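> Sharing a structure, written as structure tokens. Questions coming.
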Amino acid sequence: MALSTPSSSSVRAAETVRSGLTARQSDPFGRAFQVSLWVAVLATVAILGVLIFDVVTHGWGVLAGETGDFLTGRLGSQPENSGLGQAIRGTFYIGVFVVVLTFPLGIAAAIYLEEYAQHGRLNSLISVAIRNLAGVPSVVYGILGLTIFVKALGSVTGPDANGRTVVSAGLTLSILVLPIVIITAAEALRAVPNGIREGGFGVGATRWEVVRSHVLPYAAPGILTGTVIALARALGEAAPLILVGATTGFLTGGESFLPDSLRERFTALPIVISTWSGRPGEDWAASTSAAIVVLLVIVFAANLAAIVLRNRFERGRR
Amino acid sequence: MAVTTGTVSADDKAGSDPVFELSSLEVFYGEFRAVREVSMEIAEREITAFIGPSGCGKTTVLRCLNRMNDLIETARVQGSVKYHGVDLYDAAVSATEVRRRIGMVFQKPNPFPKSIYDNLAFGPRLNGVKKKSDLDDIVESSLKSAALWDEVKDRLKSSALGLSGGQQQRLCIARCVAVKPDVILMDEPCSALDPIATARIEDLMRELTSEYTIVIVTHNMQQAARVSDRTAFFTTEVNPESDRRTGVLVEYNPTSKIFSTPDDERTEQYVTGRFG
């Protein structure tokens, strides 16, 4: 199709189209919005950066100078001879309790609520209750732990320590994060496309077979993320531990990682951090910063493990 | 307009026992009656098509045939659905066993997010096939019967989600065939596919009738005309009391009759494009 030379009127028409198409080059509100988003992101990252920089620089002397002793040593009355061994051990066991108790229990509850229960009034009542539990302040869980695990069940959780043991602490924090695990796991299960379930049922799978072979593998990355958030929350809580009776000062025992020491008195990293931060002097401040770095490293390690596992699960999903 | 919603019988060309006998089937979603008084017989090794406008209950009826409606909590079924003479909704009947015999292909291709091989091996494994060589044979034969083998034989271990839409739907058909069902139900299997993929699946359906009874729901009248032996036309009727729409079976006849000289005026209007 040979085009003739454009007449002047068609040239003018093309000009009109061009000016129309190129008119709106600037979009001030869009730009402003984008800039404000950038500011929000930068502010968040900057605050986090300053925080980490501050604790690392303050705590570096303690960490670099006598790391071996600092990480394994006992609580002491002077900053020079104080170490985190007992606190790390307490935090480690709290993590073990959460992983062993809360993860299976919470995930099972979520599977029941999402995959098995009738979606009636009772179910939504339970869901609302669980959401409310997730919002209950941690001190309240501390009182719960004090009443049940320390006082009522003290003879079981620690007869020689009046129940103020890492067992009581682990159980209390497990209950504290249980609603978080249930909610996030339930959300991950809800995000599984229904077509996958129907496909499974369509070839004659039972509900259990569908859940085990298709729903859980698909939801695994999301469930994992939620559980690690819950774990990090449990490792960082101080308030409930105060009520459950974590030791803030001098502590005999509470060092051994052997399970038969579980019913001794204990302390944990958040407790040590809050106690030391109240003590006077530069040296205690440095030790506090160093303890914060140790707690952050532990939480980051848990997150890192979650990311690695998550990537493995997601590879299976593609 | 006088309409019979009782038994609409199709003249029985095969003369064999029907696979399904539906009598006065009604399905409710909560208080809402989605379809009422569907009675029909579905013949063996034929393709039966359900056509009709949206909301006429054709998918609902289809999902009753393998108790897929059980998965919807509010769904309730009245009347009877007999499969080779056995009432599918009898309390002693297991929905899982029903679905092993009556497979289903869905509107949207829904391969499992696993390898092609694992998609096909899932059903046979449930049925206790454990030996690798047996599974390999099933995978190969079902992919061949779904006309997919040549395209995927070199990448059985790669993810099923890497296949095109048409390939995914054929994979779902193969997955269904892999458990050696008696009947295959298809719920608008081509609605998400382009014409070439659709043509392939239609060819496939014709080939599968040598072994399987197929019931297909389709929005596409030409598709029903091309592939099916019998066609059931459903439509909606407004209930004068509640003003709610309920699906009804208008006419069930050999496909050639439905598309040339239907018994019911509404069928004629629908197939000629004047309504629906």
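The values are calculated or read from the model by the stated rules, or taken from the named source; none is laboratory data. This structure is a prediction, so every number in the text was calculated from the model and none was measured. For neighbour counting, all protein chains shown are included, and Cβ atoms are generated from backbone atoms with ideal geometry for every residue, glycine included. These accessible areas exclude ligands, DNA and RNA; they are computed on the full protein's heavy atoms, side chains included. Shrake-Rupley method; radii C 1.70, N 1.55, O 1.52, S 1.80 Å.
> Have a look at the range B:60-87 and report residues whose accessible surface goes down by 50 Å² or more when the remaining protein chains are included, against the chain on its own, probe 1.4 Å, ligands and DNA/RNA excluded.
B:LEU71, B:GLU73
> Give me the angle, in degrees from 0 to 90, between the Cα long axis of helix A:216-236 and the longest principal axis of the Cα atoms of chain A, rounded to the nearest 10.
Taking the Cα atoms of chain A, the angle to A:216-236 is about 50 degrees.
> Of the residues B:LEU65, B:LEU249, B:LEU208, which exhibits the maximal mean-square fluctuation in a Gaussian network model of chain B defined by a 10 Å Cα contact cut-off?
Ranking B:LEU65, B:LEU249, B:LEU208 by mean-square fluctuation puts B:LEU208 first.
> Ignoring ligands, DNA and RNA, please state the percent of accessible area on the range B:2-271 from carbon and sulfur, probe 1.4 Å. Provide the component values of the computation, followed by the final result.
Details: 5240 of 11160 Å².
Roughly 47 percent of what the probe reaches on the range B:2-271 is carbon or sulfur.
> Mind checking which of A:VAL167, A:VAL156, A:VAL17 has the largest fluctuation in a GNM of chain A, springs on alpha carbons under 10 Å?
In the Gaussian network model the winner is A:VAL17.
> Now a separate question. As an exercise, use a Förster radius of 41 Å and the Cβ-Cβ distance of A:ARG233 and A:PHE33 to find the FRET efficiency, rounded to the nearest 0.05.
Details: r = 33 Å, r/R0 = 0.79.
Step by step, r from the Cβ atoms, then E = 0.80.
> What relative contact order, as a whole-number percentage, does the range B:2-271 give when Cα pairs under 8 Å and 6 or more residues apart are counted? Provide the component values of the computation, followed by the final result.
On the way: 538 pairs, mean separation 71.5, N = 270.
Contact order relative to length: 26 percent.
> Only helices at least 15 Å long along their axis, Cα-based, and averaging -0.5 or more on Kyte-Doolittle count here, so list those DSSP H runs from chain B.
Values: long enough: B:116-126 (17 Å, 0.17); B:132-145 (20 Å, -0.62); B:165-178 (19 Å, 0.06); B:195-208 (19 Å, 0.02).
Those that pass (Cα extent of 15 Å or more, hydropathy at least -0.5) are B:116-126, B:165-178, B:195-208.
> On to the next question. Below 19 Å, Cα to Cα, which lysines can B:LYS257 reach? Residues fewer than 8 away in the same chain don't count.
Candidates past the 8-residue exclusion: B:LYS13.
> Which value in nm describes the separation of the simple spin-label points at B:LEU161 and B:GLU241, placed 7 Å from the Cα toward the beta carbon?
Distance between the two pseudo-spin positions: 4.9 nm.
> Here is a follow-up. Is there a quick way to get the dipole size of the protein assembly as shown? I mean about its Cα centre, with the Cβ of Lys and Arg at +1 and of Asp and Glu at -1; what is the value in debye to the nearest 20?
On the way: 57 positive and 59 negative charges, 214 e Å.
In total the dipole reaches around 1020 debye.
> Continuing with the same structure: Which FRET efficiency, nearest 0.05, do A:THR147 and B:ARG45 yield, Cβ-Cβ r, R0 60 Å? Mind showing how you got there, number by number?
Details: r = 70 Å, r/R0 = 1.17.
In this case the efficiency is close to 0.30.
> Express in nm, to one decimal, how much length is gained between A:ALA108 and A:ALA305 on full extension, taking 0.36 nm for each residue of separation and deducting their alpha carbon distance. Walk me through the numbers on the way to the answer.
Values: separation 197, 0.36 × 197 = 70.92 nm, distance 2.19 nm.
Full extension of this stretch gives 68.7 nm more.
> At a 1.4 Å probe, what is the % contribution of carbon and sulfur to the accessible area of chain A? Please report the intermediate quantities before stating the final value.
Working: 11610 of 17260 Å².
Summing carbon and sulfur atoms, their accessible area is 67 percent of the total for chain A.
> How tilted is helix A:85-97 with respect to the longest principal axis of chain A? Cα atoms for both, answer in degrees (0 to 90, nearest 10).
That works out to roughly 60 degrees.
> Something else: Of A:LEU48, A:LEU296, A:LEU189, which is the most mobile in a GNM of chain A whose springs link Cα atoms less than 10 angstrom apart?
The residue with the greatest mean-square fluctuation here is A:LEU48.
> Under 1.5 on a/c is rounded, so check that first for chain A, then, if it is not, pick prolate when a/b is larger than b/c and oblate when it is not; a ≥ b ≥ c are the square roots of the alpha carbon gyration tensor eigenvalues.
On the way: a/c = 2.93, a/b = 1.55, b/c = 1.89.
Taking the square roots of the gyration eigenvalues as a ≥ b ≥ c, chain A is oblate.
> For B:THR231, what residues show an amide H to amide H distance below 5 Å, using hydrogens built from the backbone and excluding near sequence neighbours?
For B:THR231, the qualifying residues are B:ALA49, B:ASN253, B:THR255.
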